[in-house]
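Read through the structure below, which is laid out as structure tokens, and then see the notes.
Just so you know, all these numbers are worked out from the coordinates, no wet-lab data involved. Everything numeric in this text was worked out from a predicted model, so none of it was measured. So basically every Cβ, Gly included, is an ideal-geometry build from the backbone, and we count neighbours across all protein chains shown.
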Amino acid sequence: MELGVNAVMLPELDFAAQIELCRSAGLRYYQYRPRYIAEDQRNKPYSYWGNHCFDLTPEKLIEQGAALTAQLRQAGMEPWGTAPYLNVDAPEEQLLLHIRGAAAAEARCVRCNPPSYPREIFDFPAYLKQTLELYRRAVELARPYSIKLIIETHAGTAACSPGLAWNICREFDPRELGVILDIANFHREGEVAPSLTVSILRDHIDCIHIGGSRREKNARDEFGCALVTKEFCDLKDADSYVPAWISALKAANVQAPLLIEDYEPNVPSEVRIRRCAELLRQLDGKV
């Protein structure tokens with residue numbers, strides 16, 4: 001079982017420090033984070049989805065991708081895709097910007113998610129049809145660059161559950177459109193049993209994002225019904241039982257790396273990386 005990291009979880013480290021931490025923790029793969037830091041975040045403390053010490057814009061990845069990947073390889077690591085803010089309904093020039101960046105870095109794939117679904121009742125068949133048409137366009141754009149698109153099983157999109165992701169990816173060759181199996185996102189929306197999830201998506205699983213989250217019931221509405229919030233936590237404290245996920249992936253012989261995404265607040269990157277890597281290696285040898 002190969003381990004890696006999504007760089008989104010390493011906001012306080014520059015690129016050299018990220019590489020050294022990953023190398024020393026025995027991680028093999030690195031997922032780039034080509035994103036723009038919002039101006040109102042630049043002077044704020046480093047945070048997962050805000051300010052980052054390693055300010056890698058999509059344009060910088062095109063310009064510096066080859067050199068960045070050379071640094072990874074000098075440390076015995078390989079890139080495993082990019083994780084930008086990118087939806088499939090983005091303008092063509094934006095899609096190409098991220099495709100070209102991944103190609104420059106020899107990163108092989110780009111996360112490209114479905115459009116967010118409306119929060120009111122809507123025409124799902126029409127929405128799905130449009131989404132499939134958009135992915136056909138995106139796959140055509142990526143093909144000349146030998147870049148694969150990957151859909152994250154993400155809350156808020158039409159791929160929040162394995163069945164919904166399957167509605168999309170089954171229309172495409174797994175070599176051109178795959179799935180990021182995000183286990184923590186299943187805690188937030190679209191929860192399902194590990195064996196069923198892996199059985200549905202097995203041929204399209206490109207990589208796994210693995211981190212912990214749990215539900216908290218700390219308030220009630222005017223009717224006395226519990227209001228549930230979610231918080232990120234250590235893998236050992238997650239609502240989903242991580243050994244069952246590892247067992248299902250191994251039983252299906254899924255050859256995809258586990259990319260660590262531990263977002264527990266106020267815990268240093270080194271602690272989060274090392275504790276996840278240690279647990280996952282223990283599970284790999286025993287489940």
(request) Work from the charge dipole of region 3-286 (Cβ charges, +1 for Lys and Arg, -1 for Asp and Glu, about the Cα centre) and give the residue of Phe15, Gln282, Pro79 farthest towards its positive end. (result) Gln282
(request) Please label the shape of region 1-100 as rounded, prolate or oblate, based on the square roots a ≥ b ≥ c of the eigenvalues of the alpha-carbon gyration tensor (a/c under 1.5 means rounded; beyond that, a/b larger than b/c means prolate, else oblate). (result) oblate
(message) More than 24 angstrom separation, counting every C-alpha pair in region 95-216; what % is that?
(response) 27 percent
(message) Loop only by DSSP, 13 or fewer other Cβ within 10 Å of the Cβ. Give me the chymotrypsin sites (Phe, Trp or Tyr not before Pro) in region 177-283 that pass, ordered by residue number.
(response) Phe223, Tyr241
(request) Just subtract the alpha-carbon distance of Glu106 and Gln130 from 0.36 nm times their residue separation and send over the number in nm, one decimal. (result) 5.6 nm
(message) I want to verify the translational diffusion coefficient of the chain in µm²/s; compute it with Stokes-Einstein, Rh as the Kirkwood radius over Cα pairs, at 25 °C and 0.890 mPa s.
(response) 126 µm²/s
(request) Would you grab the residues whose amide H sits under 5 Å from the one on Gly212? Only those 5+ places off in sequence or on another chain, please, with H modelled 1.01 Å from N. (result) Cys233, Leu235, Tyr263
(request) Just grab the label-to-label distance for Glu222 and Ala193, each label 7 Å out from Cα along the Cβ direction, in nm (one decimal). (result) 4.1 nm
(request) Any chance you could run the full-extension gain for Lys250 through Gln282? It's 0.36 nm times the residue separation minus the Cα-Cα distance, nm to one decimal. (result) 10.1 nm
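Give the order of Asp89, Asp14 when sorted by the count of other beta carbons within 10 angstrom, beginning with the fewest.
If I rank by nearby Cβ atoms, fewest first, I get Asp14, Asp89.
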(message) Using the Karplus curve 6.51 cos²θ - 1.76 cosθ + 1.60 with θ = phi - 60°, what ³J(HN,Hα) values do you get for each residue of region 182-197, in whole Hz, with x for Gly and Pro?
(response) 9, 5, 5, 5, 5, 6, 8, 6, x, 4, 7, 5, x, 5, 5, 4
(message) Testing the spin-label approximation: label points 7 Å from Cα along Cα→Cβ at Glu63 and Lys230. State their distance in nm.
(response) 3.7 nm
(request) Quick one: among Ala17, Ala142, Ala277, which has the greatest mean-square fluctuation in a GNM of the chain with alpha-carbon springs under 10 angstrom? (result) Ala17
(message) Given axes a ≥ b ≥ c from the Cα gyration tensor, I'd like to know whether region 198-287 is rounded (a/c under 1.5), prolate (a/b larger than b/c) or oblate.
(response) oblate
(request) Subtracting the Cα-Cα distance from 0.36 nm times the residue separation, let me have the gained length for Glu93 to Glu2 in nm, one decimal. (result) 29.4 nm
(request) Apply the Kirkwood formula to region 13-65: the hydrodynamic radius equals the inverse of the mean of 1/r over all pairs of different alpha-carbon atoms; give it in Å with one decimal. (result) 12.2 Å
(request) Please state the charge dipole magnitude for the chain, taken about the Cα centre, from unit charges on C-beta atoms (+1 on K and R, -1 on D and E), reported in debye and rounded to the nearest 20. (result) 620 debye
